[in-house]
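Okay, so here's the structure we're looking at.
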Amino acid sequence: MEVPNNLRMTLSPTTVNKNIWFALLTALCILAIGLFLMHKASPLHQDAVASGFLFDMVITFPVAWYFLVIRPLKLRKWSILLVITCCCTVAYLILPTHQRHYILQLRELIALPELALLIYTLSKIRHIRREYRQLQAILPDVAYNLHQSMVTVMGNTTAIKIIASELTILRFGLFFWKKQPAITASHSFSIHREIAYASLFGVIISVCAIELVAFHLFLLHYSHTAAIIVTILSIYGTLFLIGDFAAIIQTPVLILQDRILLRTGLRWRALVDISNIASTQKVTDSFEPTPTCFNGGLMKNHVNILFTFAQPVQIERLYRKPITTTQIVMTIDRVEELIAII
C-alpha cells in the first residue's frame, strides 16, 4: 500500500522553513567570508584561500542543502545537480582567472547526468502542455492550471509546487502586458480600485528602483561580483512584485453559472459553489476576523466583505499548502453589487 504524500512528511512546516532559511544563511556566509578572505589574503596565500572557497561552494554547501532540504522534504535527488550548477556559476564569477579551469573540469563531470535530466524534463513538457490546455478549456486560470498540470504529470511534491509557483510569477512578471484568455462569466469584480492599490504599487516600485541603483553603486566599492549577484537577486524580487501586481489586475473575482471564483491575484484562490454560501456581509476596515477566518484581503487591514460557507471550502495558496475554512474575508470592488447578485 502506498503511503500518502501528506504522511511522508515527518517534519513540521516550521521546521522545514527553518531548514531552508538555515541553508540559505549558510550559502550567504560562505559567499561573504570567501569574498572577504580572498580580498584580504596576501598574494602568497590567496590560491589556498580560493581553493578552500571552491571546496565550500561545490562540496560543503551542496551537502548541507541535501541534508537540510532535499532529504527532509523528500525531493528528487537529481535536484542536487541544479544546486551544484548554481554553485559552480557563482564560484566561476568569483575565483581568480587561473583557477577557473577547476570549475570547467567539474562541469564536464556533471554534464552527462545534466543532459539526461534535460532530456527527461523535455519529454514531460508535451504532456504538461496537453494537460494545461485541457484545464484551460474548462476554466482559464493560469496559476492554478499550471500547478495542476505539473502535479498531474510529474507528481505532487514540494519541488513541483515551488517550480510551478516560480514559473507563474515569471509569466506575470515578464509578460505583464499580456491579457488573460477571455472567460465566459456572468459578472467579474476587480479587487484593487477602491483602495487605490495601483498608486501604492507605483510608489513601492519607484522606491525599489532607487534603492537598487544606490545599493549596487555602494557594493561596487567593495566587490564587483557581490554587486552583480545582489543586483540579479534584487531584479528577480522586482519581477516578483510586478508579477503579483499584474496578476491582481488581470485575475478578478468571477461569478460563473453556479460557482464563484474568489481570489487575490496569485496569492490564493477558492472555487466555491454559490449554493454553499450561507451569507455575505459587508464589513469595515475595523473588522477583526476570528482565528478560523481566512483573511484574503489585498491589504490585510483593508477588507470589505465576509463570506460564510455552509460547508468548509478549500483555499489554494502560492508557495503554501491548501487550507480549509468556513469563512473568508477579502477586498472586492462594487461590493454592494456582488452581495445583491448572490
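The values are calculated or read from the model by the stated rules, or taken from the named source; none is laboratory data. Note that the structure is predicted; figures quoted are calculated from it, not measured. Don't worry about glycine lacking a Cβ; one is built from the backbone with ideal geometry, like all the others, and counts go over all protein chains shown.
Brief remarks on what is shown
- Lone qualifier among T292, T231, T264 - being within 25 Å of F172 (Cβ to Cβ) and touching a strand residue (DSSP E or B) at 6+ places or on another chain (Cβ under 8 Å): T264
- In the range 192-229, residue modelled with the lowest pLDDT [restricted to those that are closer than 17 Å to F245 by Cβ and among the small types (G, A, S)]: A209
- Residues being more than 17 Å from the chain's Cα centre (by Cα), surrounded by 15 or more Cβ atoms within 10 Å (Cβ to Cβ), at pLDDT below 85 and assigned to a helix (DSSP H, G or I) - total across the range 125-177: 4
- Subset of the range 284-318 that is at pLDDT below 90 and over 28 Å from the mean Cα position of the chain (by Cα) - its residue that is nearest to A196 (Cα to Cα): D285
- Selection from the range 217-227 of residues that are surrounded by fewer than 16 Cβ atoms within 10 Å (Cβ to Cβ) and either closer than 22 Å to G202 by Cβ or not hydroxyl-bearing (S, T, Y) (or both): L217, F218, L220, H221, H224
- Among (1) buried (at least 18 other Cβ atoms within 10 Å of the Cβ); (2) among the hydrophobic types (A, V, I, L, M, F, W, C); (3) modelled with pLDDT of 70 or more, the one test that V63 misses: (1)
- Beta carbons closer than 8 Å, at least 6 apart along the sequence or on distinct chains, pair a first residue in the range 138-153 that is hydroxyl-bearing (S, T, Y) with a second that is surrounded by 21 or more Cβ atoms within 10 Å (Cβ to Cβ) for Y144/R269.
- Those helices (runs of 4 or more DSSP H) of the range 38-94 in which 1 or more residues are closer than 19 Å to W21 by Cα occupy 61-65, 79-94.
- Candidate set: the range 1-38, residues that are surrounded by fewer than 16 Cβ atoms within 10 Å (Cβ to Cβ) and among the hydroxyl-bearing types (S, T, Y); chosen: the one modelled with the lowest pLDDT: T10
Residues checked against (1) closer than 28 Å to H224 by Cβ; (2) of a type in the set (F, W, Y); (3) touching a helix residue (DSSP H, G or I) at 6+ places or on another chain (Cβ under 6 Å); (4) at pLDDT 70 or above:
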{"residue": "L73", "(1), (2), (3), (4)": "no, no, yes, yes"}
{"residue": "V83", "(1), (2), (3), (4)": "yes, no, yes, yes"}
{"residue": "T89", "(1), (2), (3), (4)": "yes, no, no, yes"}
{"residue": "Q99", "(1), (2), (3), (4)": "yes, no, yes, no"}
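- Selection within the range 297-331 - touching a residue at least 40 places away in the same chain (Cβ under 8 Å) and either hydroxyl-bearing (S, T, Y) or in contact with a Ser or Thr (Cβ under 8 Å, 6 or more places away or on another chain) (or both): L298, M299, H302, N304, F307, V313, Q314, I315, L318, Y319, M330, T331
- Failed item in (1) touching a helix residue (DSSP H, G or I) at 6+ places or on another chain (Cβ under 7 Å); (2) surrounded by fewer than 12 Cβ atoms within 10 Å (Cβ to Cβ), with L266 passing the rest: (2)
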